[in-house]
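For reference, the structure discussed in these notes is given below.
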Amino acid sequence: MEDFLRDNYTLLTKTVEIIAAISGLFVYSKFKSTNVKFFIWILIGIAILELIGGYTIYIERYEFLEPLRNKIKGTKIETNHWMYTLFWKIGATIAFVYYFLLWIKGPIFKNILKILTAGFIIVSAVVIGSNFSIFFNTSFRSIGITSSLLIMIAVVFYLIQILQSERILQFYKSINFIIAATLLIWYLITTPLIFYDIYFSRDDMPYVVLKSSILLFSNIFMYITFSIALLWCKPENN
């Protein structure tokens, strides 16, 4: 398992992310008049982020990139923590919350989410600003945890709205329900790993294998489910 994860983790993760983005592009015309088009844009953005963010792996793996490796060695962008903090933990979080705000009708839920999102942005800015010296070479657990909680709150608000409407009778046909349920499951599985990051060590191989396995299979589950939902489900009214 250790060898399998080391050789295939990045490839499999990026593959399912690209499959989801391509699936979105393939059916974009079907959803272009609905809010689902924003979700497709999010998937495309994630795929692009993963491809670009993999530069740390590319420069180590491919010899023809050795000049680039030597050029950025010792610089602030030698690692990609800064990129994932800005564009995944913060950017993607805001994008997902915005997507659910498009579907949530209740003013109370909407206002709460807007306030929480503003608070999340402020907290993230304060955390980064007060720890800017380590911003480029570390991940911030506080941002990761608040990001996960904010998305789960947005999902729960949407699901509560579904439970209180007639749409619950055909929830299995709703692409938004599938998206929401899938995201909730993914975050419930992966968020606890953030609390154990303090124990992460390349020397602790059982933990490394466990964490990598959970993330890999969670990613495969999420992005394949998104792909199937986009291909199978019909558009809904906004």
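Apply the Karplus curve 6.51 cos²θ - 1.76 cosθ + 1.60, θ = phi - 60°, to the phi angles in region 31-41 and return the couplings in whole Hz, x for Gly and Pro.
After applying 6.51 cos²θ - 1.76 cosθ + 1.60, I find 10, 5, 9, 10, 5, 4, 4, 5, 5, 4, 4 Hz.
Of the candidates 70, 80, 35, which one comes out as most mobile in a Gaussian network treatment of the chain with C-alpha springs shorter than 10 Å?
Highest fluctuation among the options: 70.
Among 208, 123, 27, 36, which comes first, second and so on when ranked by fewest other beta-carbon atoms within 10 Å?
With the sparsest Cβ surroundings first, the list reads 123, 208, 27, 36.
What's the extension gain from residue 111 to residue 62 if we count 0.36 nm per residue and subtract their Cα-Cα distance? The partial results should precede the final answer.
On the way: separation 49, 0.36 × 49 = 17.64 nm, distance 4.89 nm.
Value of the extension gain: 12.8 nm.
Run down the lysines and flag those whose C-alpha is under 26 Å from the C-alpha of residue 211, throwing out any fewer than 8 positions away in its chain.
Reachable lysines: 14, 89.
How much length is gained if the chain between residue 52 and residue 208 is pulled fully straight, taking 0.36 nm per residue apart and subtracting their Cα-Cα distance, in nm to one decimal?
53.8 nm
When the dipole is taken about the Cα centre of the chain, and only Lys, Arg (+1) and Asp, Glu (-1) are charged at their Cβ, what size is it in debye, to the nearest 20? Write down the numbers at each step before the final one.
On the way: 20 positive and 14 negative charges, 179 e Å.
With only Lys, Arg, Asp and Glu charged at Cβ, the dipole is about 860 debye.
Can you give the extra length, in nm with one decimal, that the chain gains between residue 22 and residue 126 once fully stretched, where that is 0.36 nm per residue apart less the Cα-Cα distance?
33.8 nm
Which is the longest run of the chain containing none of the chymotrypsin sites (Phe, Trp or Tyr not before Pro) found in DSSP loop states (not H, G, I, E, B) with at most 14 other C-beta atoms within 10 Å?
On the way: sites that count: 62, 196, 200.
Between exposed loop sites, the widest span is 63-195.
If you work out Rg/Rh (Cα atoms, Kirkwood Rh) from the coordinates, which of [x] 1.03; [y] 1.06; [z] 0.98 do you get?
Given [x] 1.03; [y] 1.06; [z] 0.98, the structure-derived one carries the label [z].
Just so you know, all these numbers are worked out from the coordinates, no wet-lab data involved. Computed from a predicted structure; not experimentally measured. Methodologically, a virtual Cβ is constructed for each residue, glycine included, from the backbone with ideal geometry; neighbour enumeration extends over all protein chains shown.
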